[in-house]
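Novice: The following block contains the structure, expressed as structure tokens.
We did not get these values from a lab; they are worked out from the coordinates using the rules stated. Quick caveat: nothing in here was measured; it's all calculated off a predicted structure. Positions of Cβ are backbone-derived with ideal geometry, glycine not excepted, and every protein chain shown enters the neighbour counts.
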Amino acid sequence: MTTDKKNVWIGFDLGGTKMLTIAYDEKWNVIGRRRRKTRGREGADEGIDRIASTIERLLEESDLKKDQIAGIGIGCPGPIDLEKGCLLSTPNLGWKDVEVADVLKDRFDCSIEVLNDVDAGVFGEYKFGAAKDSRCAVGIFPGTGVGGGCVYEGNILQGAGISCMEIGHTRISGGNKSSGSAFPGSLEAEASRLTIAAEAAKAAHRGNAPYLLKNSGTDLAEIKSGALAASVENGDKAVKRLVEEAATTIGYAVANVVHLLAPDTIVLGGGLIEAMEDLIISTVRKTARANVMPVYKDRFEVVAAKLGDDAGVMGAAAWAKRKLS
């Protein structure tokens, strides 16, 4: 398929385990799609080359030329230097100070917009999904960590030249658990999927989660969102309690955000939410409404993301179009 010159917008989502890129026309019809696994903690140079080659394969498979690209949006996990298009750090991949925009500009000779991956996901949900037309939408995405993003009156909430909304690194409890940073008691340390999996592995080892032990063992690499959901569905009460405790903690975080920003929509997304949507959403909603000031109680909704893996890609492409058009 071919399109008009400079009429193609490309979004790219660099996740912890996968890369996904999609090409869109001006009406947001999908022209092409390509998914690829990351290679664990590969070096930054190799990783950026894989990003570029994945986009090049997408163009080839979709019968598109580089000179048809109007712009590319790249969603990356971690804080972003917005002026340089530089990924400052990403613990999941082990990258630091990676000049994403400059490298890709040389490969594709077009404008590149680099943004945080959760910012991209929330913008996608704001433009096309569960938070469409919200005045203020906040996203919380629990996974290996806990990512956050905010769209306020149509713009991604960002700092002076740097991405923000690192809600996973805000302190939510007096506990001593730590996560990717040395800051204890953070939302990420208390409520990430990785934290739930670690505690579930302990429960399985102690004999308190027999279904999980039989079907997934105690290896964290095997205790993913689907395994946790299956454990809950098959009667592992200890694991259900862990999920509810994490969701309650996220609910406290939502209450904090409501008091700060008064968002009309809070979007929860990621594989953990998709696997146990009813349990987590209902617990977060109930906890948040029970802990906000009465005047805010009925002024916000807690909803699940609708776009799945496409949220970050579509949001990155849409943000690139907004910034570069």
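Novice: If you count the DSSP beta bridges with both ends in the chain, what percent of them are antiparallel, to the nearest 5?
Specialist: In the chain, DSSP labels about 60 percent of beta bridges as antiparallel.
Novice: Got the relative contact order for the chain handy, in percent, Cα pairs under 8 Å and 6 or more residues apart?
Specialist: 19
Novice: Give or take rounding to whole Å, what are the principal axis extents of the alpha carbon atoms in region 77-158, in descending order?
Specialist: 36, 30, 18
Novice: Turning to a different aspect of this structure: Taking the Cβ of ARG322 as the center, what net charge do the other residues with Cβ under 12 Å away carry, scoring Lys and Arg +1 and Asp and Glu -1?
Specialist: +2
Novice: Still on this model: Enter the angle in degrees (range 0 to 90, nearest 10) between the Cα long axis of helix 277-291 and the first principal axis of the Cα atoms of the chain, meaning the one along which they spread out most.
Specialist: Helix 277-291 sits at roughly 70 degrees to that axis.
Novice: Additional query: Beyond 27 Å, what share of the Cα-Cα pairs of the chain is found? Please give it as a whole percent.
Specialist: 44
Novice: How would you classify region 225-303 from its alpha-carbon gyration tensor, with a ≥ b ≥ c the square roots of the eigenvalues: rounded for a/c under 1.5, else prolate if a/b is greater than b/c, otherwise oblate?
Specialist: Prolate shape, in that a/c is at least 1.5 and a/b is the bigger ratio.
Novice: How charged is the neighbourhood of CYS86? Take every other residue with its Cβ under 9 Å from the Cβ of CYS86, and add Lys/Arg as +1 and Asp/Glu as -1.
Specialist: In short, -4.
Novice: Of all GluC sites (Glu not before Pro) in region 225-325, which ones are in loop regions per DSSP and have a Cβ with at most 13 other Cβ atoms within 10 Å?
Specialist: Those that pass, being in a loop and sparsely packed, number zero.
Novice: Around TYR152, what is the net charge, scoring Lys/Arg as +1 and Asp/Glu as -1 over all other residues with Cβ under 12 Å from its Cβ?
Specialist: So the surrounding residues net to -2.
Novice: Roughly how far apart, in whole Å, are the Cα centres of region 277-325 and region 197-273?
Specialist: With region 277-325 and region 197-273 each reduced to a Cα centre, they are spaced 18 Å.
Novice: Please give the calculated 222 nm ellipticity per residue for the chain, where each DSSP H segment of at least 4 residues contributes -39500 (n - 2.57) and the sum is spread over every residue; nearest 500 deg cm²/dmol?
Specialist: Calculated from helices alone, the mean residue ellipticity at 222 nm is -12500 deg cm²/dmol.
Novice: Okay, next question. If the chain between SER325 and ASP298 were fully stretched, how many nm would it gain, using 0.36 nm times the residue separation less the Cα-Cα distance?
Specialist: Gain on extension, SER325 to ASP298, equals 6.0 nm.
Novice: Treating the angle as unsigned and between 0 and 90°, give the value, to the nearest 10°, between the Cα long axis of helix 193-205 and the longest Cα principal axis of the chain.
Specialist: Here the helix axis deviates by roughly 40 degrees.
Novice: Which pairs in the list LYS105/LYS127; LYS27/LYS240; LYS37/LYS96 are over 32 Å apart, alpha-carbon to alpha-carbon?
Specialist: Correct reply: LYS27/LYS240.
Novice: Among bridges DSSP assigns within region 51-171, what percent are antiparallel (round to 5)?
Specialist: Counting DSSP beta bridges with both partners in region 51-171, the antiparallel share is about 75 percent.
Novice: Ok, one more. Considering only ILE266, LEU228, VAL239, whose Cα is most displaced toward the positive end of the charge dipole of region 132-304, charges sitting on Cβ of Lys, Arg (+1) and Asp, Glu (-1)?
Specialist: Going by the charge dipole, the pick is VAL239.
Novice: A further question on this structure: Go through region 137-229 and name the trypsin sites (Lys or Arg not before Pro) that are in a DSSP coil and have 12 or fewer other Cβ atoms within 10 Å of their Cβ.
Specialist: Answer in residue order: ARG206.
Novice: Report, to the nearest 10°, how far helix 237-261 tilts away from the longest principal axis of the Cα atoms in the chain, using its own Cα long axis and a range of 0 to 90°.
Specialist: Between helix and principal axis, roughly 60 degrees.
Novice: How about region 115-170: which trypsin sites (Lys or Arg not before Pro) there are in a DSSP loop, with at most 14 other Cβ atoms within 10 Å of their Cβ?
Specialist: LYS132, ARG135
Novice: Oh, and also: For region 132-304, report the translational diffusion coefficient in µm²/s to the nearest whole number, using Stokes-Einstein at 10 °C, 1.306 mPa s, and a Kirkwood Rh over Cα pairs.
Specialist: For the chosen part, D equals 97 µm²/s.
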